[in-house]
Amino acid sequence: MADASTTDASHPRHQLDGVIHSPVRFSIIAALASVDEAEVAKVRDAVEISDSLISRQISTLDDAGYVKVKKGYVGKRPRTWLSLTAKGRSAYEAHLAALRAIAPEL
């Protein structure tokens, strides 16, 4: 029988990213992974969450360095755009790789 400490340390679940692992944050990152940039309202609607929830999740992802937040205006209306940083894209790809190692048929 294998040593439990060796088994625990080698399981792919240890490679899951705690920031991205939240279903809402994972959905936000996944929505951003296929675009260069997206308006917050589009991401919010795609992920089907409220304004307050996306705001909190963006703060967490921004603090981790996973998303870039850009504010500006369209006409006189304020807008906010999101994009994945290189760090965010790398974390997302590593997280997906860990999920695939756990469930290879993904």
Expected output for region 31-48 (first residue closer than 17 Å to residue 20 by Cα, partner among the hydroxyl-bearing types (Ser, Thr, Tyr) and not in a helix (DSSP H, G or I), Cβ below 8 Å, 6+ apart or cross-chain) is 32/83; 44/50
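In the list 86, 64, 94, which residue meets the criterion of being crowded, with 17+ Cβ neighbours inside 10 Å and either at positive phi or within 15 Å of the chain's Cα centre (by Cα) (or both)?
On the way: 86 fails: crowded, with 17+ Cβ neighbours inside 10 Å; 94 fails: crowded, with 17+ Cβ neighbours inside 10 Å.
Exactly one residue qualifies, and that residue is 64.
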Residue set 36, 45, 17; condition acidic (Asp, Glu) and closer than 28 Å to residue 104 by Cβ; output residue 17
Requiring at least 2 residues that are β-branched (Val, Ile, Thr), the helices (runs of 4 or more DSSP H) wholly within the chain are 4-10, 18-21, 23-33, 40-47, 51-63
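Coordinate-derived values only; no laboratory data. Keep in mind the model is a prediction, meaning the values are calculated, not measured. Backbone-built Cβ (ideal geometry, glycine too); neighbour counts: all protein chains shown.
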